[in-house]
Amino acid sequence: MLDHPAQPWPGLPPLDEQERIARASAFRDHLRTRRTCRYFSKAPVARAIVEAAIEAAGTAPSGANHQPWHFAVIASPDLKAQIRAAAEEEERAFYAGKAGAEWLEALGPLGTDPDKAFLEAAPWLIVVFAQRRGGIDPGDDKQNYYVNESVGIATGLLLAALHAANIATLTHTPNPMRFLNRVCRRPASEKPVMIVVAGHAAPDASVPLHALRKKPLDQISSWL
């Protein structure tokens, strides 16, 4: 007998094995078309698309079901300019040597630099915050669990949902990122994890060939 409220497992629509394989393969093939975009147009993206993607992210599993994430969504040109200015200040120090030679060498094939024009060009910036404390109800102040893992899964679902709508994305992680608490008016108890840039690719956008290299199945899995 269960000692907590529950309902029966809702079940999933019945499929034969070939249908399951076909669906998994189709989803894989769609995600294989995802590319990180560093060149965005100013073409608008409907807010409803971003809302649906965040709601999809909110379905992610989390420690104790506390859902320790917050998505600060920015469209304001003024706030985007503030974020770009602060991020580029950190990036100039990063590329001037703060990152270390090995890290900079690893980034070389991707052609990245301190210029982060995409932070102003794209219509939406979604700043992902991790909450050390919280809970499922408004005003809760409880310990959250497996915060990094939970927020990572939610962010992955966010990216997949945006890609399903044919929205280009970029994950940006300026270091340090604490200025994002001030810009987004989030409490110090929350940790900024990354900025998800979302919009339409510029007509002349390109992708470094190095970014197309993905490890094959035998390198990313073992079967025991």
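Take the Cα of residue 133, step 7 Å toward its Cβ, do the same at residue 3, and the gap between the two points is 2.8 nm. Each of 97, 107, 36 was placed along the dipole of the stretch 16-118 (beta-carbon charges, centred on the mean Cα), and the one lying farthest toward the positive end is 36. Modelled spin labels at residue 175 and residue 120, positioned 7 Å past Cα toward Cβ, are 2.6 nm from each other.
Quotient of the Cα radius of gyration of the stretch 85-160 and 2.2 N^0.38 Å, N being its number of residues: 1.50.
Taken along its three principal axes, the alpha carbon spread of the stretch 124-187 comes to 37, 24, 19 Å, from the longest extent down to the shortest. Mean silhouette area of the stretch 1-111, derived from the convex hull of its C-alpha atoms and averaged over all directions, reads 13.5 nm². Averaging over all projection directions, the Cα-based convex hull of the stretch 19-72 occupies 6.3 nm² in the image plane. Please go through the residue pairs 98/142; 142/215; 98/191; 42/142; 80/215 and name each one whose alpha carbons sit more than 32 Å apart in this structure. Correct reply: 98/142; 142/215; 42/142; 80/215. Counted over all Cα-Cα pairs of the chain, pairs farther apart than 29 Å make up 36 percent. The share of accessible area on the stretch 73-143 that comes from carbon and sulfur is 52 percent, using a 1.4 angstrom probe. For the chain, the mean residue ellipticity at 222 nm estimated from helices alone is -11000 deg cm²/dmol, where every DSSP H run of n ≥ 4 contributes -39500 (n - 2.57) and the total is divided by all residues, rounded to the nearest 500.
The values are calculated or read from the model by the stated rules, or taken from the named source; none is laboratory data. What you see is a predicted model, and the numbers here were worked out from it, not measured in a lab. All Cβ positions, even for glycine, are placed from backbone atoms using ideal geometry, and neighbour counts span all protein chains on display. Side chains are part of the model used for accessible areas, which takes the heavy atoms of the whole protein and leaves out ligands, DNA and RNA. Shrake-Rupley method; radii C 1.70, N 1.55, O 1.52, S 1.80 Å.
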